[in-house]
Amino acid sequence: MAAINTVLGSICPDALGQTLIHEHITCADWSMRMAFGKRYFEFDKVVEMAVCQLKRARDYGIRTLVDGTTINLGRDIHLLRTVSEISGMNIIASSGFYYQEEPWLAMRDEEEIVSLLLDECTNGIVGIDSRPGIMKNGIAAEGVTHLQEKLLHAVGRVSVLTDLPIFCHHDPSVKSGFRILEVYCSCGVAPNKVILGHAGDINDQAYHEELAKAGCYLGFDRLAYDDSDTPVANSIRNIVSLCEKGYRDKLLISHDWASYLGLWESWGKTASADYAHLDIDYSYLSREIIPMLKASGLTEADIYAIMVENPKHFFAG
Ligand SMILES: [Zn+2]
């Protein structure tokens, strides 16, 4: 089986172990970091907070974390390497772009975007020996716009050239999953190389089943957020039901947690929190969600499949 790129080098698929398929160390904008310095972001403090939470997750058996922070969500490869080195957690970095419609993407043609992405996926990010292990697109509630179609195409083509799999953030309320798969398919991407991220955000089993039948993976990957839009109880019920219907091998679960979510959280508030004892962190799945899944009927073998086997098959093909 093919080797998998982590930020500290390649590992064999069996070394992935229990894997959180969609998390972030941080989402913190580079322009904001440059403009506001320590009022917005402190590198050493983010390292400290992230390492503390990752060590807690390691104590619960998690071995690998896939960081879904794209180039334009503030990906910082030096941060990911430092955090991985100190915590001992395997971290897989993403290439590709989130859903905001930016002029430097809108004005570039597909060929140039393919060339830029292919370079970092082949030679390493910003000239250092860390290659992305996964590609990413983001499709918001507007669905597949003109710009996003170009980005889906570019990522799909690089995925075919490099054999890297793809995570696509999508908004299941507008059911854009089929259109996304269609665009990837037009580039030659097989559905089993794709996770439709946040599929679990909608309480619609017919949609989940249709996607699973199409061959992609489904992300029930926001289990840190038990709110009125996405009650965890619905996700638990839907995961169990999909397993009962024979779709266990298409399910991936995660938190979508970030040690510092610079999109909307205040830096001061995040940095002053008791981050060693948070109710929700990278270990919440192990502490709370997996026991709930077991109480709802999933077996130890089901949990092993979802946490270990499915990520391995997704990455190794
Ligand atoms: Zn995310």
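Data for the structure
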quantity	calculated
Check on residue 44, over 17 Å from residue 133 (Cβ atoms), within 15 Å of the ligand (Cβ to nearest atom) and out of contact with any Leu (no Cβ under 7 Å at 6 or more places or on another chain)	no
Candidates 256, 229, filtered to the one that is charged (D, E, K, R) and within 30 Å of residue 36 (Cα to Cα)	256
Any hit, the range 288-301, residues being within 16 Å of the ligand (Cβ to nearest atom), of a type in the set (D, E, K, R) and over 16 Å from residue 220 (Cα atoms)	no
Of all residues making up the range 1-41, the number that are within 16 Å of the ligand (Cβ to nearest atom) and over 21 Å from residue 285 (Cβ atoms)	2
Only one of 246, 297 that is over 24 Å from residue 24 (Cα atoms), free of Cβ contacts under 8 Å to residues at least 40 places away in the same chain and not in a helix (DSSP H, G or I)	246
Scope the range 167-219; condition within 14 Å of the ligand (Cβ to nearest atom) and outside any helix (DSSP H, G or I); matching residues	167, 168, 169, 170, 171, 195, 196, 197, 198, 219
Residue in the range 143-163 that is more than 26 Å from residue 250 (Cβ to Cβ), at pLDDT 95 or above and either touching a strand residue (DSSP E or B) at 6+ places or on another chain (Cβ under 6 Å) or assigned to a loop (DSSP other than H, G, I, E, B) (or both) present	yes
Enumeration of residues in the range 65-105 that are away from the ligand (no atom under 16 Å from the Cβ), buried (at least 19 other Cβ atoms within 10 Å of the Cβ) and either assigned to a strand (DSSP E or B) or free of Cβ contacts under 8 Å to residues at least 40 places away in the same chain (or both)	82, 87, 89, 90
Qualifying position, being under 12 Å from residue 238 (Cβ atoms) and touching a residue at least 12 places away in the same chain (Cβ under 8 Å), among 200, 188	200
In the range 55-70, residue farthest from residue 256 (Cα to Cα) [restricted to those that are among the aliphatic types (A, V, I, L, M) and in contact with a strand residue (DSSP E or B) (Cβ under 7 Å, 6 or more places away or on another chain)]	62
Among (1) within 13 Å of the ligand (Cβ to nearest atom); (2) surrounded by fewer than 24 Cβ atoms within 10 Å (Cβ to Cβ); (3) at pLDDT 95 or above, the one test that residue 255 misses	(2)
Selected residue (criterion: nearest to the chain's Cα centre (by Cα)) from residues of the range 270-294 that are of a type in the set (Asp, Glu) and not in a helix (DSSP H, G or I)	281
Residue in the range 263-279 that is of a type in the set (A, V, I, L, M, F, W, C) and surrounded by 21 or more Cβ atoms within 10 Å (Cβ to Cβ) present	no
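Yes/no per residue for (1) surrounded by 23 or more Cβ atoms within 10 Å (Cβ to Cβ); (2) in contact (Cβ under 8 Å) with a residue 40 or more places away in the chain; (3) polar (S, T, N, Q); (4) within 23 Å of residue 196 (Cβ to Cβ):
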residue: 18; (1), (2), (3), (4): no, yes, yes, yes
residue: 23; (1), (2), (3), (4): yes, yes, no, yes
residue: 28; (1), (2), (3), (4): yes, yes, no, no
residue: 37; (1), (2), (3), (4): no, no, no, no
residue: 44; (1), (2), (3), (4): no, no, no, no
residue: 54; (1), (2), (3), (4): yes, yes, no, no
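The values are calculated or read from the model by the stated rules, or taken from the named source; none is laboratory data. None of these values were measured; they are calculated from a predicted model. Using ideal geometry, Cβ is built from the backbone for each residue, glycine included, and neighbour counts are taken over all protein chains shown.
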